[in-house]
Amino acid sequence: MADLKMPELNSVIIAGNLTKDPVFRETTNKTPVVNFHIAANRRYKDSQNQWQEDVCYVGVVAWNKLAESCKDRLKKGSAVLVDGELQSRTFKTDDGRNRTIVEIKAKRIQFLNKINKSAEETTESEPETDVAVDEDAVEETENTDFTDNSFDKFLSDEESDLLSGDN
């Protein structure tokens, strides 16, 4: 039994909204990289059977074409669904201390906000678009029943009723 090895699995899927504008930069060899944080909400019932909400703040890093897409499409408040893996890194702070952080290295990011085809003119009749961005490809799919900035399509009927106050 000592020869059994734990399977290697490191996968994360999380949805949330950006807490600040993303920070885009290039490494010394011109590799694009973007960092941002998202806030993901979790609803649960406490011991008195009352609904509570907890917020989890998570750092995300994206590289190469994915970073370029984030730079062009994301800003504070943008809704995203991130698929990736956890990674940790250690660095020295200005006062010389070592600091370790855990963040998500994005493999795919689904932009959940409406895309304006023209930054100068926005029309109500434009279909809203769900955009999935992968490290290797960019794919756009039309989704006309999607509400901007809404995670309602992920909720069960019971959760929707609870959120709307129809207890």
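Structural remarks
- Evaluating S69 against the criteria (1) buried (at least 18 other Cβ atoms within 10 Å of the Cβ); (2) small (G, A, S); (3) modelled with pLDDT of 95 or more leaves one unmet condition, (3).
- Checked against the criteria, V61 counts as among the β-branched types (V, I, T), surrounded by 13 or more Cβ atoms within 10 Å (Cβ to Cβ) and in contact with a Gly (Cβ under 9 Å, 6 or more places away or on another chain).
- Hits in region 21-41 (condition: touching a strand residue (DSSP E or B) at 6+ places or on another chain (Cβ under 7 Å) and either over 21 Å from S88 (Cα atoms) or of a type in the set (S, T, N, Q) (or both)): T27, T31, N35, N41
- Scanning region 48-103 for residues that are charged (D, E, K, R), in a helix (DSSP H, G or I) and in contact with an Asp or Glu (Cβ under 7 Å, 6 or more places away or on another chain) yields one hit, K65.
- When residues of region 1-33 are limited to those that are under 13 Å from V82 (Cβ atoms) and out of contact with any Lys or Arg (no Cβ under 6 Å at 6 or more places or on another chain), the one surrounded by the fewest Cβ atoms within 10 Å (Cβ to Cβ): S11
- Within region 43-58, at least one residue is under 20 Å from L112 (Cα atoms) and either surrounded by 13 or more Cβ atoms within 10 Å (Cβ to Cβ) or among the acidic types (D, E) (or both).
The values are calculated or read from the model by the stated rules, or taken from the named source; none is laboratory data. Because the structure is predicted, anything quoted here is derived from the model rather than measured. Positions of Cβ are backbone-derived with ideal geometry, glycine not excepted, and every protein chain shown enters the neighbour counts.
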